[in-house]
Amino acid sequence: MSTRYSFGPGKVILVGEHGVVYGYPAIAGSLSRGVKATARAAKRPMLKLGRSLAAPAKRSLSRAFEVGLEVAGRPSLEVSLESELPLSMGLGSSGAVSVALSRVLLEKPTAAEVESLSLKMETVFHGRPSGLDHTTSAREGLLWFQKGVARGLTPGKPLQVVVALAGKRRPTKELVEALRERQSRWPRRYQRLFEEIGRLVVEARTAIVGGDLDALGDVMNVNQGLLSALQVSGPKLDGMVQRLRALGAMGAKLTGAGGDGGAVVGLFRDPASAVKQLRREGVECFASELGQVVLP
Ligand code: MEV
């Protein structure tokens, strides 16, 4: 067998994280960065893991690989992974790993087979994921997502974003569970917030399809306010949101689960100059057009 390669892109959620876990809609786009998997014939199946990976990450990657092997009929492949995404920062690294692994382990898989296996792997990483991360990675586009069903969106204008990292955070699973505890204690208050986020997602879709970037930016800013109300933002994320707005973002918000740190997404007309300035300030960041995957 010749060497096989596959790719799973990362993602950002433009609007609707957390609400999506409770059945409200969200809109997400794939990033140009992701995870590459390489498979070579071997005596027995094996996942090669970098020494620098922390033990919990190694454990969940090995468990996800086992799940993949079982479904794929235990092919004798030695698989290695190369990630351009920071781990556990809200950029869908585990969804991207799941998609890259599914594509490389399954023999000529259909899109539905990739989505089904990568969901099984995502469950190893996240417990009860909404399914948004691995679906956005598998479909490589801009998606409206609700209750496990995804529909592609065609933006009226290209969506240029800057993704900036604002320090380490707790795993998604813990953040989602902590919010679930608050929500089950005070359900009516949290339902109001989720409903309002759901309305913002509908408004975002109109803005995206109509190419109204200013309106989309405003939706993102208001969404950030509601994420703060859900108590999933913190000083580092808030500071980075303000920094991106000061650098000209039409809208900026945390993306993913949030917490003490993680990723912030800003919608820009000129992402290159914002990235240049942020890098000068020592901020880890990159620009991407959403839904445009550049295969390595
Ligand atoms: C994680 O990228 C987004 C959350 O909404 C969790 C999920 O959708 O499973 C916080």
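Observations on the structure shown:
- Helix 271-280 axis, angle to the chain major axis (alpha carbon atoms, nearest 10°): 80 degrees
- Projected label points at Arg185 and Thr123, each 7 Å from Cα along the beta carbon direction, are separated by 3.0 nanometres.
- Global geometry of the stretch 152-296, whether rounded, prolate or oblate, following the gyration tensor of its Cα atoms and the 1.5 cut on a/c: oblate
- Most fluctuating residue given options Pro109, Pro271, Pro25, as computed from a GNM of the chain linking Cα atoms under 10 Å: Pro109
- Segment Asp260-Glu174, length gained on full extension (0.36 nm per residue, minus Cα span): 29.8 nm
- Expected 222 nm ellipticity per residue - DSSP helices of 4 or more, -39500 (n - 2.57), all of the chain, to 500: -14500 deg cm²/dmol
- Peptides 27-37, 215-225, ordered by how many other C-beta atoms sit within 10 Å of their residues on average, highest first, read 27-37, 215-225.
- In terms of its C-alpha gyration tensor, the stretch 1-67 has a prolate overall shape, because the principal axis ratio a/c (a ≥ b ≥ c, square roots of the eigenvalues) is not below 1.5 and a/b outweighs b/c.
- Net length gained if the chain between Ser116 and Lys48 were fully extended (0.36 nm per residue, minus Cα distance): 22.1 nm
- Anisotropy class of the stretch 110-230 from Cα gyration tensor, a/c 1.5 cut: oblate
- Degrees separating the helix 172-185 axis from the principal Cα axis of the chain, which is the longest one: 50 degrees
- For the listed residue pairs Lys120/Lys236; Lys173/Lys236; Lys120/Lys157; Lys11/Lys48; Lys157/Lys276; Lys43/Lys168, the alpha carbons are over 31 angstrom apart in Lys120/Lys236; Lys120/Lys157; Lys43/Lys168.
- FRET efficiency for the pair Leu87 and Ala246, taken as 1/(1 + (r/R0)^6) with r the Cβ-Cβ distance and R0 = 22 Å, rounds to 0.20.
- GNM result for the chain, Cα springs below 10 Å: residue of Ser94, Ser62, Ser118 fluctuating most strongly: Ser62
- Per-residue HN-Hα couplings for the stretch 116-121 [Karplus 6.51, -1.76, 1.60; θ = phi - 60°; Hz; x = Gly/Pro]: 5, 6, 5, 5, 4, 5
- Cα centroid separation - the stretch 140-181 against the stretch 60-93, whole Å: 20 Å
- Coupling constants for the stretch 51-63 follow from the phi torsions by the Karplus curve (6.51 cos²θ - 1.76 cosθ + 1.60, θ = phi - 60°), and in residue order they are 5, 6, 5, 5, 4, x, 5, 4, 4, 6, 5, 5, 5 Hz; glycine and proline get x.
- Rounded tilt (10° steps) of 187-209 against the dominant C-alpha axis of the chain: 90 degrees
Coordinate-derived values only; no laboratory data. In this text, all values refer to a predicted model and were calculated from it rather than measured experimentally. Using ideal geometry, Cβ is built from the backbone for each residue, glycine included, and neighbour counts are taken over all protein chains shown.
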